[in-house]
Amino acid sequence: MKTFDNSVMWLRYSMICVLLLLAGPAVSAERPQASGRFVDQTFRDVNGEYKYVVFVPAGYQSDKASPAILWLHGAGERGTDNRLQLTVGLAPFIQARAKTFPFLVVFPQCELTEGRVLDSWNADNPDGKRAISALDDARKHYNFDPNRVVLTGWSMGGFGAWNLGMSLPSRWSAIVPVSGGGDIDRIGELKEVPVWAFHGELDTVVKSDRDLRMVDSLNAAGGVATFTKLSNGVHDINAAVYGNDAVIEWMLNPEKSPSQLGDVTVTPAEVVKVPFVPAVEISQAVGLRLGNEVLNALSYSIPSTTSPDLLSGRINDMFSSTVASGRQFSIQFSGISYHGELERIVTKGHGKDRILVQLGIRNISLAIGGTFVSGVRHSAQAGPILISIGQRYPVWFNLELGPYIADRQIRLRLISAGFQIPDDNWSVSQPAGVSVQGFGMTEDAVVSGLMNGLYGAKGRIENEIVAIAPRVVQEIEKRISIPDAESTMSEVWQLPFYSPRLQAWPEQISADENGLSLLMGLTVASIDPFGPAKVLKRFKPADVSLAQLPADKVMHVIFAPQILGPLTEMFVESDQARLDVSDIPEPLFRKLAERDALQEIIPDLAQYSDALQIRSTLSVVLPLAIVAPEHDVTSEGSKPVEFHLPDVRVVISIKKDADQINWLPCAIFDMDLSERLEAGLQKPNHAQRIVELAWLPAANATGTGKFAEGYDALDTSLQTDRYVEQFNVAWASYFAGLREASATVPDVSVGLSKLRLSGMQCNPSFVDLKYSLARIELSNLTNESISYQTKAPTSAWGNPLTLTAGASHEFEIPYPLTYRRNVPSGSEVYTLPVGSHSEFRVPLTGGAPRLFSARRP
């Protein structure tokens, strides 16, 4: 019976398990996790296996439905690695909030890399269908509320958000397109779905009016849509949108009106480690000048970021001998350790190929663990002795170094070292635990002798500290880092796919009495970081030289426009430098891809029925070249930069009807294109620096045309001149929209200080960006003179300064300035950041003048 009862219980248990498995998404209560996590998922359909990723929020429980998001990535993340879609856009900002992000998020990946980019996520295309299937498959594994699913995407994904939103409006609680656009003829389908669209004002990849037209049309159709244009925003505005908590809060409650978009509150965090696979090397690509003013500014922040280990360690035992009362004694100071507090570092050019590094050290403790005195029939031992140096003010450890390059690393050769102990800034403690052996030898005599001996050995102590200089130099070497070239490039890259990943490495270095000059090469990562490694291609020098770096005291960043050549060559060889003509943000290009226009150029197209489909694909065949114009010299020695594309190919392909699977190349047009760019720097006020880019009128493109190999034309006429003419019109119209573009250049933070763009020279050989210390400015907008005092962080208050009515004072200093002034209510004290502009003016409520942040015009 017992065996029978056990069998019955096992059968009941098995049946319960089967019923639970058949119950649906909520299989069993899953233990909540303290932090959200990204989980790989796979589903199969008639076309095979498809991978996607799900973010499961912290605290997720399968018996409680979560809100969800379907996120659509941009063109640069297409592929089959199931990783690239996590590297940009929403995922890094989720990772930064992994413990608090409330949504379950589905991340599909667009697998097709051919055809129109902007249509890739469309509902009638394979990847649009797979994205919806991934969302449905995710619900089989996770419990989320189907009535609280937000659809959002960036760039190509922004177009997908509009399209999938209009195609399946009942599936979404809200839609958030970013840098996108869509078809206004279908916009009425979304009038029941709240929409909040975002676009950068300076986006040249997808014009901001693409989203604006969609929002205006939706509101006109009775929908509820909000459009936010981000001033100074370019194409990549992911941080401004997904890094802003106000957007995430609205996604949770989209029935409310969007709140005011505040500052970005979240910094992105890496979800997946993207390997850096070297593909291209360009030598002599970038020059960096760090003048003594910049090195000095940097020095103020180094102590706060330096490891305490830099000035901690042990030194060898010290041996000495002395004669006392006619007896010879040997002395051994053992177990010696040292520690110091770094208060200041001063670094500056010190002559030809020499730099001076001065370490201002306080509270140096030289601890002697034990002292042993030995002589004939007499000996003594003493416990710890503490030598204290720099209690009153810093003591300077001077290192004269010769910088050089070895194995693509900056190395420092120690030339000389110096350390002097001021007589009034050190002390020796009385030794502890003294014991003596031998007739006539007393503890007091030993204590006195040891202390006097150490005071008399100041030079020896100085030498022992100097002896640690090689170790200090090694620690300094470890802390030398090369500027981040990748983040710099990402700021200026405006293509909707593949922002280049760069690593800089030092090639040459020199020093002079005004600073340090560094010449660097660049390594460019493979376009496909998860694909097989390719042979590294090395390109000839880009011709930036140390001689081009001014030997002044500020900062210069010089780079060669020629680096664009190897970058475009890499695109060409990887078959990435192509796009559908209809995706170019210019209506005339889209018209040039339509049948009516093309049939006038290729009359043979008239033989086909109305079912004919046509695709125009533009690709770069030969890499970009930089050409020096013979004239057009502008101010400050700048010249327009001419960009020359010697072979841009447009392939016209057709499908005769819907049954034809593959595209058939029909005609090929090869174009020779040029465009000239002129750059200038504007300084509209104390703090703002704007780089203005002007595309100058270009020479007309030239081109040739032919029928594609294997295409049998009934009508063999080809109106190549007409195509080239219309291409020229579209090309000119596109660049007319870019004629005047501008970008605000932010200050460069250097510790407590800031560097501000103060000059720019641009020509076909190099671009020189000059940065100087950002000044602190005080302006007097009142009708009376104002007296005030200032001080540095570590100084006393200075003598009173008088600022007359209508005048300004400027302070070119590498640290914040503390200001003090007596006012009727007491004392007005502020700390003024480097680069700030403040002004004295009468408050709106009246009364005595006060200090305020300056108002921008």
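Using 0.36 nm per residue of separation minus the Cα-Cα distance, give me the extension gain between S481 and A606 in nm, one decimal.
Values: separation 125, 0.36 × 125 = 45.00 nm, distance 6.36 nm.
Computed gain between S481 and A606 is 38.6 nm.
What does the charge count around I661 come to, taking other residues whose C-beta lies under 14 Å from its C-beta (Lys +1, Arg +1, Asp -1, Glu -1)? Could the numbers behind the result be given before it?
Numbers: positive: R615, K655, K656; negative: E114, D657, D659.
With Lys, Arg at +1 and Asp, Glu at -1, the neighbours total 0.
Show me the helices of the chain, taken as full DSSP H stretches, that run 27 Å or more along their long axis by Cα and average 0.0 or above in Kyte-Doolittle hydropathy. Kindly include the intermediate steps, with their values, before the conclusion.
On the way: long enough: 2-22 (30 Å, 1.00).
Correct list, ordered by number: 2-22.
I need the P(r) histogram for the chain: all alpha carbon pairs, bin width 20 Å from 0 out to the longest distance, whole percents.
Binned Cα distances yield the sequence 12, 32, 32, 17, 6, 1, 0.
When the accessible area of the chain is computed with all protein chains present and a 1.4 Å probe, what percentage of it is carbon and sulfur? Write out the running numbers ahead of the final one.
Details: 20950 of 40740 Å².
Result for the chain: 51 percent of the exposed heavy-atom area is carbon or sulfur.
Relative contact order of the range 71-222, please, whole-number percent, based on alpha carbon pairs below 8 angstrom and at least 6 residues apart.
Details: 261 pairs, mean separation 30.0, N = 152.
Value for the range 71-222: 20 percent.
Can you flag which of K683/K770; K140/K256; K229/K754; K553/K754 are past 20 Å Cα-Cα?
Exceeds cut-off: K140/K256; K229/K754.
Need one number: the % of Cα-Cα pairs in the range 739-789 sitting beyond the 13 Å mark.
74 percent
In square angstrom, rounded to the nearest 10, how much accessible surface does L781 have for a 1.4 Å probe?
100 Å²
Accessible area per residue for the chain in Å², computed with a 1.4 Å probe and the full protein assembly in place, what is it? Each step should come with its number before you reach the end.
On the way: 40740 Å² over 857 residues.
Here the per-residue accessible area is 48 Å².
With the crude spin-label approximation of a point 7 Å out along Cα→Cβ, what separation in nm comes out for S62 versus L696?
Result for the modelled spin labels: 6.8 nm.
Determine by what factor the alpha-carbon radius of gyration of the range 343-469 differs from 2.2 N^0.38 Å, reporting the quotient. If you can, show how the numbers build up before the last one.
On the way: Rg = 19.6 Å, N = 127, 2.2 N^0.38 = 13.9 Å.
After normalising by residue count via 2.2 N^0.38 Å, the value is 1.41.
Which of the GluC sites (Glu not before Pro) found in the range 152-240 are in a DSSP loop and have at most 12 neighbouring Cβ atoms, other than their own, within 10 Å?
E192, E201
With a 1.4 Å probe and all protein chains in place, put I690, I175 in order of accessible area, largest first. Intermediate results must be reported in sequence, preceding the final value.
Working: I690 35, I175 0 Å².
Highest to lowest solvent-accessible surface, that is I690, I175.
Using the reciprocal of the averaged 1/r over all distinct C-alpha pairs, how large is the Kirkwood radius of the range 526-565 in Å? Intermediate results must be reported in sequence, preceding the final value.
Values: mean 1/r = 0.0743 Å⁻¹.
This gives a value of 13.5 Å.
Given the -39500 (n - 2.57) contribution per DSSP H run of 4+ residues, what per-residue ellipticity at 222 nm results for the chain, rounded to the nearest 500 deg cm²/dmol?
-6000 deg cm²/dmol
How big is the accessible area of S779 in square angstrom, nearest 10, if you roll a 1.4 angstrom probe over the protein chains?
Accessible area of S779: about 10 Å².
Restrict the search to the range 58-119; then list the trypsin sites (Lys or Arg not before Pro) that DSSP places in a loop and that have at most 14 other Cβ atoms within 10 Å of their Cβ. It would help to have the intermediate numbers written out before the result.
Values: sites: K64, R78, R83, R97, K99, R116; in loops: K64, R78, R83, R97, K99, R116.
Here the sparse-neighbourhood loop sites are K64, K99.
Please get the size of the charge dipole for the chain, origin at its Cα centre, with Cβ charges of +1 on Lys and Arg and -1 on Asp and Glu, quoted in debye to the nearest 20. Write out the running numbers ahead of the final one.
Working: 76 positive and 94 negative charges, 644 e Å.
Here the chain has a charge dipole of around 3100 debye.
Report the net charge of residues surrounding L135, where surrounding means a beta-carbon distance below 15 angstrom and charges are Lys +1, Arg +1, Asp -1, Glu -1. List each step's numbers first, then the result.
Numbers: positive: K51, K129, R130, R139, K140, R148, R171; negative: D45, D127, D136, D137, D145.
Local charge sum for L135: +2.
What percent of all Cα-Cα pairs in the range 345-415 falls into each 5 Å bin, going from 0 up to the bin containing the maximum distance?
Histogram of Cα-Cα distances, whole percents per bin: 4, 13, 13, 12, 11, 10, 10, 9, 7, 5, 3, 1, 0.
Got the relative contact order for the range 806-845 handy, in percent, Cα pairs under 8 Å and 6 or more residues apart? Spell out each step's value before the answer.
Details: 29 pairs, mean separation 12.8, N = 40.
Reported relative contact order: 32 percent.
Using a 1.4 angstrom probe and counting only protein chains, how large is the accessible area of S574 in Å², to 10?
Ignoring ligands and nucleic acids, S574 comes out at about 30 Å².
Give me the distance in nm between label points sitting 7 Å out from Cα along the Cα-to-Cβ direction at S545 and S795, one decimal.
Computed distance between label sites S545 and S795 equals 4.2 nm.
May I ask for log10 I(q)/I(0) of the range 144-246 at q = 0.19, 0.20, 0.21, 0.24 Å⁻¹, from a Debye sum over the Cα atoms as equal point scatterers with solvent left out?
Those come out to -0.84, -0.92, -1.01, -1.27, one per q.
Can you tell me, using C-alpha contacts under 8 Å and at least 6 residues apart, the relative contact order of the chain as a whole percent? The partial results should precede the final answer.
Working: 1976 pairs, mean separation 71.6, N = 857.
RCO, the chain: 8 percent.
Quick one: net charge of G158's neighbours, Cβ under 12 Å, K/R +1, D/E -1?
Working: positive: R210; negative: D203, D211, D236.
Value of the local net charge: -2.
If you rank W695, W505, W196 by how much accessible surface each has, with a 1.4 Å probe, what is the order from largest down? Numbers along the way, then the final one.
Working: W695 55, W505 30, W196 5 Å².
Ranked from most to least accessible, the order is W695, W505, W196.
For the pair R413 and T80, how long in nm is the line joining their label points, each one 7 Å along Cα→Cβ?
According to this spin-label approximation, the distance is 5.5 nm.
When only the heavy atoms of the protein chains count and the probe is 1.4 Å, how do R392, R590 rank by accessible area, highest first?
Most to least solvent-accessible, the answer reads R392, R590.
The values are calculated or read from the model by the stated rules, or taken from the named source; none is laboratory data. In this text, all values refer to a predicted model and were calculated from it rather than measured experimentally. Neighbour counts run over all protein chains shown; Cβ positions are idealised from the backbone, glycine included. The area values use the complete protein model at the heavy-atom level, side chains included, leaving out ligands, DNA and RNA. Shrake-Rupley method; radii C 1.70, N 1.55, O 1.52, S 1.80 Å.
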